[in-house]
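Peer 1: Dropping the structure in here first, questions after.
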Amino acid sequence: MITARQSRAARALLGWTQETLADKARVSLTALKRLESENGFDVFETTRDGVRRALESAGIVLLSTEKGEGVLLLHQADQPG
């Protein structure tokens, strides 16, 4: 499950605005703002799934362990290391 912090961090790594991610995830901007809020708003699982899929297709890997969470941006194969 993607968290608010992971979504914001992934967008920062990609240089995406909320509008860009909402468009790519095919969710409303309001739904994305609810997901990225720290206020504990209810978020539909379809919203989380759409955002996760959009980020993963852009090279983001969501990390989650008992010690914390994070994101990783994979380098494209055609880019130098």
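Peer 1: Among the residues of segment 16-54, count how many are in a loop (DSSP other than H, G, I, E, B) and β-branched (Val, Ile, Thr).
Peer 2: Adding up the residues that qualify gives 3.
Peer 1: Could you tell me whether LYS33 is in contact (Cβ under 8 Å) with a residue 24 or more places away in the chain and touching a helix residue (DSSP H, G or I) at 6+ places or on another chain (Cβ under 9 Å)?
Peer 2: So LYS33 fails the test.
Peer 1: Next question, about the same structure. With respect to the numbered conditions (1) over 17 Å from LEU72 (Cβ atoms); (2) outside any loop (DSSP other than H, G, I, E, B); (3) not charged (D, E, K, R), which one is the sole condition not fulfilled by ALA12?
Peer 2: Of (1) over 17 Å from LEU72 (Cβ atoms); (2) outside any loop (DSSP other than H, G, I, E, B); (3) not charged (D, E, K, R), only one is false for ALA12: (1).
Peer 1: Let me ask something else. In the set ALA54, ALA10, ALA31, ALA25, which member is small (Gly, Ala, Ser), modelled with pLDDT of 95 or more and touching a Gly at 6+ places or on another chain (Cβ under 6 Å)?
Peer 2: ALA25
Peer 1: Here's a follow-up. Of everything in segment 19-36, what is polar (S, T, N, Q) and loosely packed, with under 13 Cβ neighbours inside 10 Å? Give them in sequence order.
Peer 2: SER28, THR30
Peer 1: Another question, if that's okay. Starting from residues that are of a type in the set (Gly, Ala, Ser) and part of a strand (DSSP E or B), keep the ones in segment 55-81 and report whichever is surrounded by the fewest Cβ atoms within 10 Å (Cβ to Cβ).
Peer 2: Only one residue fits best here, namely GLY68.
The values are calculated or read from the model by the stated rules, or taken from the named source; none is laboratory data. Quick caveat: nothing in here was measured; it's all calculated off a predicted structure. We place every Cβ from the backbone using ideal geometry, glycine too, and count neighbours over all the protein chains shown.
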